[in-house]
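The values are calculated or read from the model by the stated rules, or taken from the named source; none is laboratory data. Computed from a predicted model, the values in this text were never measured in an experiment. Ideal geometry is used to build each Cβ from the backbone, glycine not excepted, and the neighbour counts take in all protein chains shown. We work out accessible area using only protein heavy atoms, side chains counted, and drop any ligands, DNA or RNA first. Shrake-Rupley method; radii C 1.70, N 1.55, O 1.52, S 1.80 Å.
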Amino acid sequence: MNFIFADNYLDETKVKMSPMREGAGLGLAELGALHADVIVVGADTLESCRAHHFTEKFPDRTIQVGVAEQNLIGVCAGLAYEGKVPFGITYAPFLIGRAWEPIRTTIAYPSNHVILLASHAGIATGTDGPTHQMTEDIALTACLPGFTVLAPCDHEQARLAVKAAYDLKGPVYIRCAREATPVFTTPETPFVVGKVQILREGTDATVIGHGYMTYRLLQIAEELKELSIEVINVHTIKPLDIETIVASAKKTGKVFVAEDHNIVGGLGSIIASALAEHVPVPVKSHGVYDIFTESGSAKDLWGKYGLDTEGTKKALLDFLQK
Amino acid sequence: MSTIVTEKEIQQLQLTANTIRQTIIRMLMDAGAGHTAGPLGMADIFTALYFHELKHDPKNPSWSERDRVILSNGHICPVRYAAMYHAGYQIQKEELSTFRKIDSRLEGHPAFHRLPGVETSSGPLGEGLSEACGFAFAAKMDHKPHHIWCLASDGEHAEGMTWEAVMLAAKYKLDNLCVIIDRNYIQIDGFTEDVMPLDLGVSLADKYKAFGWNVLEIGGHDFADILGAFEKAKSAKGKPTCIVARTTPGKGVDFMENNYKWHGVPPNKTQAEEALAQLARIEDALRRE
Ligand SMILES: Cc1ncc(C[n+]2csc(CCOP(=O)(O)OP(=O)(O)O)c2C)c(N)n1
Ligand SMILES: [Mg+2]
């Protein structure tokens, strides 16, 4: 399946900007129209998570629990035990962080088909500051047996991820960022849960991203024309398509992972441990370097903490020169 | 209540609260992000605390005998920063316009390690009352007489953790603890009684009573009421005190008052100018009294 890019996607003046949470909300509304068993459970952030696209159309399938994330999780579990397909929705730090043990016992352990859909993943959350910038959610969900962990790269992929999640089994987590980011995929771009996407083939280095960081990697690969860089988008962090990643690592001999997540427990560390077993090549994780950042616009935070295109390029070049 | 404060003192407090509201509007406009309704609604209570009630030393924020102010609903921090600034804490005037920006100590939600005078890091709701219990236990263990003032919102009473702390404080008779609830009837997705009703069955105040607390219900913009409640809270023996303060979210700016849409958005320049003009008119009226 060939990847399909949006027209002029590398032209920052032309590429459409929209937040993943918006795509996710639209996907929810589509799912709601298709399936009567889709239920939305919210915790006082429904509009902010763009779930109003669903709740305004399907008020009878909307449950508002107030600011009560643990309660939200338990309610989702009960609904799932009875065969409904609940989407538990709020900001990542509270959905995953506050309610982690209830998620483990009531959703993961019995393998309930509950979809946890979050906005506010990563430092891209911006001015609300570290309390609201969730940089540990992949670590917290990927370690739970049976979870599918999805990290779409843009608005369109978030929409497709939400729709695909309905047909999966067991628990699913979908992480979305709050900030508007480039929409470089299209509604026709293939999306298969569990398969990574090779966006660009190369032989000098494998660079891997998830979320909006994948776009940065495409920009960097384009800029560094003298190098032949293979760019891979990992929208499914778990189960990880390790075969494709191993094959790429064998070919290039170097793997660089960029993500808006703590480097401890993020995709980079998951890939590093998998490669250590199959093809031990040097792996560099570039992300949030095990710190809490601060308040600031997403743009200022990206710049200061090295997650903009420049900072990411610098980290990649440093790694390749080693 | 004239036994506690004179008319003149009350007028001064009202003027200070008005100044704090004007500062809040400027901070939010400059930040281009942040919460407006809650901070404006809590300006009178913060004024009563920082300009009348608290045993504190703005120049020495880590003074061990100070009263502790635990802000559970961290998103209303603009009112705390503004009150601290006007009370003489070491915050520069220019610093106010750095709120929520990179390199600022005035984080979007309070950061303990960055700004002296802020007792805890907060923002995630429902955690403050438990922390306040911890502060209250520590004071009792160390035989310290200072008081613990916990500020909390109505919306965060949907969190189970809040009620876990409510039971705990009563169990241990934490009478050095007082929680002041910003009962403004709004949260993000709408009015509290639509999103998660707190007065269903019995009122929020009666719920606290049923859990064994000393409960006071006051108007959150009436200084005589506020200061009277503080006195009662400090003299309560054997029970923690809960002050349910009925406030008007967005207080002082007519197009913001009681409108939940103003929970988490800042005024743009035009709106800020209009808000400042309205607050200036209130200030003039106060001065003429
Ligand atoms: C644990 C947690 N869940 C969700 C949020 C997001 N949030 C921030 S403010 C808020 C509304 C809470 O209501 P209230 O504190 O009464 O708001 P206000 O009166 O200030 O408008 C929510 C849900 C949060 N900060 N913490
Ligand atoms: Mg409220």
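The Cβ shell under 13 Å around B:E107 holds other residues with a net charge of +1, Lys and Arg each +1, Asp and Glu each -1. Taking accessible area as the heavy-atom solvent-accessible surface of the protein chains with a 1.4 Å probe, which residues of segment B:132-177 lose no less than 30 Å² upon going from the isolated chain to the full protein assembly? When all protein chains are present, B:A158, B:E159 each give up 30 Å² or more of accessible surface.
For the protein assembly as shown, the Kirkwood hydrodynamic radius from C-alpha pairs, put into Stokes-Einstein at 10 °C and a viscosity of 1.306 mPa s, yields a diffusion coefficient of 62 µm² per second. Legend: distances between Cα atoms for A:K238/A:K313; B:K171/B:K209; A:K251/A:K284; B:K207/B:K251; pairs beyond 20 Å are A:K238/A:K313; B:K207/B:K251.
Please label the shape of chain B as rounded, prolate or oblate, based on the square roots a ≥ b ≥ c of the eigenvalues of the alpha-carbon gyration tensor (a/c under 1.5 means rounded; beyond that, a/b larger than b/c means prolate, else oblate).
Rounded is the answer for chain B, as its axis ratio a/c remains below 1.5.
In segment A:115-163, comparing the full protein assembly with the chain on its own, the residues that lose 30 Å² or more of accessible surface at a 1.4 Å probe are A:T127, A:D128, A:T131, A:H132.
Solvent exposure of segment B:7-288, expressed per residue, is 38 Å² of accessible area, with all protein chains present and a 1.4 angstrom probe. Helix A:309-321 and the long axis of chain A differ in direction by around 50°, with both axes built from C-alpha atoms. Probing with 1.4 Å while keeping every protein chain in the model, the per residue accessible area of segment A:205-322 equals 37 Å². Annotation: aspartates and glutamates with alpha-carbon distance below 15 angstrom to A:K163 (same-chain offsets under eight excluded): A:E22, A:E30, A:D37, A:D154, A:E188.
For segment B:64-135, the fraction of C-alpha pairs farther apart than 19 angstrom is 30 percent. Bridgeable aspartates and glutamates around B:K55 (alpha carbons under 12 Å apart, same-chain partners fewer than 8 residues away excluded): B:E65, B:D67. For B:K93, a cut-off of 17 angstrom between C-alpha atoms picks up these lysines, skipping any fewer than 8 places away in its own chain: B:K59, B:K101. Rounded, prolate or oblate: which fits segment B:177-245, taking a ≥ b ≥ c as square roots of the Cα gyration tensor eigenvalues, rounded meaning a/c under 1.5, else prolate when a/b beats b/c? It comes out oblate by the Cα gyration axes. Near B:W63: Cβ cut-off under 13 Å, other residues only, Lys/Arg at +1 and Asp/Glu at -1. The net charge is +1. Rounded, prolate or oblate: which fits segment B:105-147, taking a ≥ b ≥ c as square roots of the Cα gyration tensor eigenvalues, rounded meaning a/c under 1.5, else prolate when a/b beats b/c? In terms of gyration-tensor shape, oblate. Residues considered: A:V15, A:V234, A:V264. Largest GNM mean-square fluctuation over chain A, using C-alpha springs under 10 Å, is found at A:V15. Summing both sides, the accessible surface hidden between A and B at a 1.4 Å probe radius is close to 2000 Å². Remark: segment A:17-182 is approximated by an ellipsoid whose semi-axes, taken from the C-alpha gyration tensor as √(5λ), come to 20, 18, 15 Å, largest first. Segment B:229-289 and segment A:1-49 have their alpha-carbon centroids 38 Å apart.
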